Amino acid sequence: MTEPKTAAMFGSTPGYGRVLLVEDDPDICHEMRTTLETAGFDVLEAKTQDQAVRVANEGENPLLLDAVITDIDKNVGMDSLNYFKTQFPHVPLIALTGLLEQQDSGSSEIQMAIVGAGKGGQALLDVFLHLPAAQVVGMTDKDPDAPGLQLAQKSNVPVVHDAMSLVRRDDVDLIIDVTGDPSMEGLIAENKRERTEVLGGAASKLLWLLIQRERDMQSRLLRSEKLAGMIRDGVKDFLVKPLWKDRLVKTVSSAVEQRELNRL
């Protein structure tokens, strides 16, 4: 007996699924699509509700969707959300919101340099890229293939091959040393500007953990107090901007799994 085809079988990789992304910001849309396609999902895009409706109804079977992600901060997102709740009640809905973003306090950015681009440096850079009050003016590592340098290049953060030239810059407010090299502390102290402050490896790790915990707590608070009603009204889960790639993939994977369970 032939197994019935499911929406997940029509994805770019068997066993994953097809996701419709309703988002009119090209940068956010590109980042999300790249992350999901790298994880094996087939991603369809729509900038407006009309486009979303057309995409959802294309092909011989209009139900080949495993999940829908739509930005609820705009009217187009809410319209799309209501449409899919009505017309596709069995397709999991994921709301995308930026409600956690902080208001601009008017304070100037902190100019930072990251020395060390291993996993620790990469993790900190990923955090700082999403903080409006922080600007990473450069990143350096003796290993040209360090993962943090790859992220820096993708994010248009300058990659500096001469570490001390980065340390000596006049516009650097804070140097974050995550090399784990005891000799680097002395070199930075000898070459940095007098006003520039330095954060060492252990303190850098603690900073990252505190930032991560704070963002997790904010996300839980928002979801529990402000969005609980929408969950009861049919939304499966939420993604909060700025996006964490792991969170995005896990959320969509869970939605696809729920979609498959609904078919049984």
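Where a number appears in this text, it was derived from the coordinates with a stated rule and is not lab data. Note that the structure is a prediction, hence the values are computed from the model and not measured. In this analysis, Cβ positions are derived from the backbone assuming ideal geometry, glycine residues included, and neighbour counts consider all displayed protein chains.
Give the long-range amide H neighbours of E45: residues separated by 5 or more places, or on another chain, with amide H under 5 Å away, using H modelled in the peptide plane at 1.01 Å from N.
Correct list: L21.
For region 124-167, take the convex hull of the Cα atoms, compute a quarter of its surface area, and give me that in nm², please.
For region 124-167, averaging the hull's shadow over all directions gives 3.0 nm².
List the residues, sorted by chain then number, that are 5 or more residues from V198 or on another chain and whose placed amide H is less than 5 Å from its amide H.
I175
Using 0.36 nm per residue of separation minus the Cα-Cα distance, give me the extension gain between N82 and I110 in nm, one decimal.
5.9 nm
For the pair D170/D126, report the inter-label distance in nm, with labels modelled 7 Å from Cα in the Cβ direction.
For D170 paired with D126, the spin-label model returns 3.6 nm.
Going by the alpha-carbon gyration tensor, a ≥ b ≥ c the square roots of its eigenvalues, is region 110-212 rounded (a/c under 1.5) or, if a/c is not under 1.5, prolate (a/b greater than b/c) versus oblate?
Taking the square roots of the gyration eigenvalues as a ≥ b ≥ c, region 110-212 is rounded.
Listed here are the pairs K192/K245; K119/K236; K47/K241; K154/K241; K47/K250; which of them are more than 26 Å apart at the Cα?
Flagged as over cut-off: K192/K245; K119/K236.
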